[in-house]
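Remarks on the structure that follows.
The values are calculated or read from the model by the stated rules, or taken from the named source; none is laboratory data. These numbers were taken from a predicted model, which means no experiment stands behind them. So basically every Cβ, Gly included, is an ideal-geometry build from the backbone, and we count neighbours across all protein chains shown.
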Amino acid sequence: MEEKVHVMVTVVGARTEHWIELFAALANRPDVTVTVVAADVSELTRTELDLVSSRSPRFRYHVVPHLLGEGRTGHMASVLFRTDVSRFMEHRPDVVHIIGEAAYLSTWQVIRTCRRRWPGVPVSLYAAQNIVIGFPAPFPTIERYSYRQVDHMFPITPAALYVLRVKGYAGNASVVPLGVDPNLFRPGPTGDAGRRFTVGFVGRLEHHKGIADLLRAAESVDCDVAFIGEGALRPLVEQAIERRPGRIVLHSWADHHDLPGHLNRMDALALPSIEVVQRNVLPWVGIPLREQFGRVLVEAMACGTPVVGSDVGEIPHVIGDAGLTFTAGDWVSLANCLSRLRDDPELAARLSANGLARVHRLFSWESIADAMCDAWNGLRDAGDRRSATGLPRHRREPHRAPRATATQQLEAKP
């Protein structure tokens with residue numbers, strides 16, 4: 001029987017609920033035990049964690065107190081655990097995996113705890129940053145410290161891997177995307193066959209999501225729109241509802257288990273994001289914001305719903321051959337994409353089939369869990385060999401960023 005690997009996962013912030021399906025996929029494996037230590041999470045996340053725990057004896061979780069929450073500062077980078085995360089482990093873990101960027105305060109906190117309490121335990125780290133930017137102090141120092149200490153990185157896209165290399169991480173890395181549960185997100189009943197063509201949007205109703213462009217494009221081609229989400233631009237959507245009664249609907253956030261039903265009632269899912277500069281860490285520091293992945297695209301593809309996205313960030317990389325892309329901010333181009341899907345059923349069917357195949361090939365949480373466990377087993381085995389020979393785990397020489405090579409630049413392209 002294969003030896004079990006015990007993984008401690010730390011995670012912070014409201015978006016923790018997006019990782020529940022990965023936790024479930026890991027807990028379903030007979031060769032893995034998982035302990036999640038989380039902070040600053042939503043009540044929905046607590047409920048979902050409890051559900052996974054009740055279904056698997058190999059999964060445990062702890063929601064612990066935090067300092068400087070995301071709601072207070074506007075960014076997960078500032079969240080800190082109020083307590084030593086290692087005290088929630090009954091036994092020494094084989095691997096510690098941190099869901100959080102290298103510059104997060106919580107990442108620094110967890111790595112320091114691990115090196116003090118379990119100096120030989122390997123640490124892996126998630127990475128989604130897809131723009132090479134400098135941060136205000138003390139975040140660059142934390143980032144460099146993380147790069148020196150982490151044993152393996154899991155960037156979610158080739159662009160994120162490119163950013164890691166340019167910023168100075170020279171260690172092992174595996175591109176592991178965000179995923180979806182195909183057993184939950186799958187083609188289902190589509191509702192009234194005689195309904196008008198409906199394009200959907202799922203996400204925050206904010207300027208950088210291209211809400212105004214979608215409203216304008218949908219009106220120009222006379223199609224219906226289904227919005228699912230909340231945000232600052234809710235009044236703009238409500239004005240459009242008054243202007244086009246019966247043609248636009250707005251739902252508040254849908255429960256994760258209800259979302260597949262909404263996606264199956266859409267003829268297309270649009271993500272018309274634009275690039276903006278955010279100032280939610282320090283008002284005098286502008287940070288470019290591009291879509292780092294676009295998880296809802298994968299969820300729609302798993303339901304067989306064709307997708308349309310702008311060319312911002314990682315949207316084209318995620319869509320691949322499963323949808324149509326257009327120039328960000330060009331609502332006329334977006335309208336043309338919607339018209340093509342409405343007027344060409346063969347195109348829509350082909351994109352739907354491509355999306356389903358793409359999800360099962362690249363984006364199922366089970367295959368992602370397989371890839372992560374392969375890396376973790378390798379880290380554990382390498383650590384055991386080093387411990388047996390007395391070799392040090394970490395090098396302490398200065399860590400310098402290499403120049404980006406042509407190959408690395410190509411890695412960032414979809």
Output the qualifying pairs, or none if there are none: Cβ atoms under 8 angstrom, residues six or more apart or on different chains, first residue in the stretch 319-340 and farther than 19 Å from Gln292 by Cα, second residue assigned to a helix (DSSP H, G or I) and not aliphatic (A, V, I, L, M).
-> Asp330/Asp213; Trp331/Asp213; Trp331/Arg216; Trp331/Ser220; Val332/Ser220; Leu334/Asp213; Ala335/Arg216; Ala335/Ser220
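Among the listed residues Val79, Val41, Val96, Val85, which satisfies the condition of being surrounded by 21 or more Cβ atoms within 10 Å (Cβ to Cβ) and touching a Cys at 6+ places or on another chain (Cβ under 6 Å)?
Details: Val79 fails: touching a Cys at 6+ places or on another chain (Cβ under 6 Å); Val41 fails: touching a Cys at 6+ places or on another chain (Cβ under 6 Å); Val85 fails: touching a Cys at 6+ places or on another chain (Cβ under 6 Å).
Criteria check complete, one pass: Val96.
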Among the residues of the stretch 80-97, is there at least one that is within 23 Å of Ser364 (Cβ to Cβ), in contact (Cβ under 8 Å) with a residue 40 or more places away in the chain and in the same structural domain as Asp370 (by TED's automatic domain parsing)?
-> yes
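Which helices (runs of 4 or more DSSP H) does the stretch 136-245 wholly contain that include 1 or more residues that are farther than 27 Å from His18 by Cβ? Can you show your working first?
On the way: elements: 139-149, 158-167, 211-221, 234-243.
The helices (runs of 4 or more DSSP H) meeting that bar are 139-149, 211-221, 234-243.
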Residue selected from the stretch 99-124 under the condition surrounded by fewer than 19 Cβ atoms within 10 Å (Cβ to Cβ) and in a loop (DSSP other than H, G, I, E, B), by the criterion modelled with the highest pLDDT | Trp118
Quick check: anything in the stretch 298-306 within 21 Å of Leu184 (Cβ to Cβ) and acidic (Asp, Glu)?
-> yes
Collect the residues in the stretch 185-202 that are modelled with pLDDT of 95 or more and of a type outside the set (Ser, Thr, Tyr), keeping them in residue-number order.
-> Phe185, Arg186, Pro187, Phe197, Val199, Gly200, Phe201, Val202
Complete set of residues in the stretch 144-158 that are more than 12 Å from Ser124 (Cα to Cα) and in contact with a Gly (Cβ under 8 Å, 6 or more places away or on another chain) | Arg144
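Residues that are in contact with a helix residue (DSSP H, G or I) (Cβ under 8 Å, 6 or more places away or on another chain) and among the charged types (D, E, K, R): find the strands (runs of 3 or more DSSP E) completely inside the stretch 1-97 holding 1 or more of those. Before you say what the answer is, go through the steps one by one.
Numbers: elements: 5-12, 32-39, 59-64.
Passing ranges, in order: 59-64.
Hey, among the residues in the stretch 213-236 that are without any contact (Cβ under 8 Å) to a residue 60 or more places away in the chain and of a type in the set (Gly, Ala, Ser), which one's surrounded by the fewest Cβ atoms within 10 Å (Cβ to Cβ)? Break it down into steps so the answer makes sense when it comes.
Residues of the stretch 213-236 that are without any contact (Cβ under 8 Å) to a residue 60 or more places away in the chain, as a first pass: 215, 219, 222, 224-236.
Retained after the next criterion (residues that are of a type in the set (Gly, Ala, Ser)): 226, 229, 231-232.
Values: Ala226: 19, Gly229: 21, Gly231: 15, Ala232: 11.
It comes out as Ala232.
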